[in-house]
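Comments concern the structure below.
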Amino acid sequence: MNSMIHVENLTKEFKSYSSRSGLKGAFRDLLTRNYKIHRAVDSISLDVKPGEMIGYIGENGAGKSTTIKMLTGILTPTSGEVLINGMNPHKEREKFVKTIGVVFGQRSQLWWDIAVQESFRLLKKVYNVSEEDYNSHMAMVIEALDIAPLLDKPVRKLSLGQRMRCELAAALIHNPPLLFLDEPTIGLDVLVKLKIREFLKELNKQYNTTVMLTTHDLSDIEALCERVVMLDEGKIIYDGSLSQLKTSWGEGKQIQFHFKTPKTRDELIRSTCQQLVVWEPGENENTWTANVTNDEDIISQVIGEVVANHQILDLKILETSTEEIIRNIYEEGIIHG
Amino acid sequence: MSHLSIFVQYVGQYMKTRLTYRSDMVVEIMSDLLFQAVNLIFILVVFGHTNLLSGWSKDEIIFIYGFFLVPFALFSTFFNIWDFNERYIVKGELDRILTRPIHSLFQVILERMELESMFGVVTGLAVMFYAGSNLGLTISWYDPLLFLLFVLGGAFVYAGIFISLATISFWSDSRTDIMPMMYNIGNFGRYPVDIYNQIIRYVLTWILPFAFVGVYPAAFFLDKTEWYGYAYLTPVMGIFFFSLSIFLWNIGVTKYRGAGS
């Protein structure tokens, strides 16, 4: 088997109890409780090859973090099989975590009060990294992330962007072949985001590091990942390339017209009756959007007909963004995917 | 050995942070000293009304208190994880711990240690020497060795009980007030157990064996031969309760549910 991550029928259930209503209910709760079993992750299967960068996306509460936590050995799965790097994260936790790096965007790995380089030193000891390995590897990381001027500052004095770059460096001290990033760019400005993306690409190229990334910022995924796995209510609803997702879902284009005078839907439909167009009202009566299929002939015909019949001030052609595609999938479910 | 070198690294870092907040450290040591003084005054007040307590004299009780301070100082230095539930379970800090290649309990201990509590060893020894010289106790060559063994045993008893309590958080993360209560029960071990009734005595010996942190081992140095059996049991109880707590911890970690997000 040459997959980096091998997951089969992985399931995690959480037991929570629901309270009954009213005072009488509260007393009944004392005696017998109603337990509800909630499946956060529902028998997912996944294989990731070494060197792949995969984006793991889903709404809040879809089970992304729970999956990552099971893959990193933090949570014990209810059932199913996980094999990462040929190891079971729960049976050999201490040996296993030496082969992974983890960054949680919302949580700090570094010691708050001590200088960044002291944190690095401590982690170097914790991971038992030799001086030579550390120097040769971290020189590149520090250079690429541009954190050399931050090393002697205590973590609490760093800005979020500076801290995040240091967090990333800290997760790589032992040069792990597999890196988990849970919302690493949350709250960061564009420049820091770009820097982190550049760095991850570089890392992937130089060390063939496998990266699994969860994020709400789809531009991260567009910039880094060829493969996306989409999760909804604990189940994988899409696993494939990002471009495939775009072509099968983002078929349509939108043409936005700004007319000189107010228009009604009927008027517009009459003027474009030969084409398959769905008109949507815009901000005011003067703006309308035409949804058409992504076909150059149709687009130009629609524009021609509209312009011939109505006076326009402005027009824009919009492609459906990944963001919209994903939103559509969540709203409509994956019916014709 | 790698555990030892990691320990040394953590201690080094700890010193560095502590030295940047020097005034905090002084305040902490002072409040510890004040706390110990109040306890001592309490004993003196009690003996202002009586000369003997179930056959124990004032200096003997002070000696027991002095002994108690030593294992208690070790416990407070390394195993004082009373805020484990709040800090590691509710806030989810255990996530971070679990992604590092060292035993999780060992890491928690390294992060929560408070080295200034070690000062209690000094006060404890001072109190013991004061009471001991009043009593005219002599020191044999094996006394320091047994003292070390009993102190470690006592500290492990304390650690075992508090770690076991901390593991409850793995199953239920609701806050409980059990920790402060346990501190109060722990204080019972500072007094001769024969002043309590049978049930409390049994509990302090076998269920929450705080008596092994104070009165039993101290009785050995006070030459109370009738308690020697219990005194020798101290290291055994320490190892047993500490092992039990590690066993519970290891099961508990697999039940960890993580914090939301």
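Here, each number is a calculation from the coordinates, and none is a lab measurement. Owing to the predicted nature of the structure, the values given are computational and were not obtained by experimental measurement. Virtual Cβ from ideal backbone geometry, glycine too; neighbours counted across all protein chains shown.
Listed values, structure above:
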| quantity | calculated |
| --- | --- |
| Rounded Å value of the spacing that divides the Cα centres of the stretch B:126-186 and the stretch A:49-116 | 38 |
| Cα-based reach from B:K224 at 24 Å (exclusive), listing lysines while leaving out same-chain residues under 8 positions away | B:K58 |
| Cα-based shape type of the stretch A:1-153, given that a ≥ b ≥ c are square roots of the gyration tensor eigenvalues and the cut on a/c is 1.5 | prolate |
| Partner lysines for A:K253 [C-alpha distance under 22 Å; skip if fewer than 8 residues away on the same chain] | A:K263, A:K316 |
| Helical mean residue ellipticity (222 nm; -39500 (n - 2.57) per DSSP H run of 4+; nearest 500) of chain A | -11000 deg cm²/dmol |
| Fully extended contour minus Cα-Cα distance, from A:K205 to A:I237, at 0.36 nm per residue | 8.6 nm |
| Lys, Arg +1 and Asp, Glu -1 on Cβ, resulting dipole of the stretch A:5-247 about Cα centre, debye, nearest 20 | 1020 |
| In degrees, nearest ten, helix B:58-78 long axis to first principal axis of chain B (Cα) | 10 |
| A:K125, A:K316, A:K246 arranged by Cβ crowding within 10 Å, fewest neighbours leading | A:K316, A:K246, A:K125 |
| Mean Kyte hydropathy of -0.5 or more with a Cα span along the axis of at least 24 Å, helices from DSSP in chain A | A:190-207 |
| Folded to 0 to 90 degrees: helix B:228-254 orientation relative to chain B principal axis, Cα | 10 |
| Helix B:178-188 vs. chain B, principal-axis angle (Cα, 0 to 90°, nearest 10) | 20 |
| Estimated FRET transfer efficiency (A:L83, A:D189; beta-carbon r; R0 41 Å; 0.05) | 0.60 |
| Cα-Cα over 26 Å, subset of A:K125/A:K193; A:K12/B:K91; A:K15/A:K95; A:K95/A:K193 | A:K125/A:K193; A:K15/A:K95; A:K95/A:K193 |
| Whole-angstrom gap from the stretch A:140-157 to the stretch A:221-281, using each part's C-alpha centre | 43 |
| Filter on A:K49/A:K98; A:K201/A:K235; A:K205/A:K235; B:K16/B:K255; A:K98/A:K157 - keep pairs with C-alpha separation over 25 Å | A:K201/A:K235; A:K205/A:K235; B:K16/B:K255; A:K98/A:K157 |
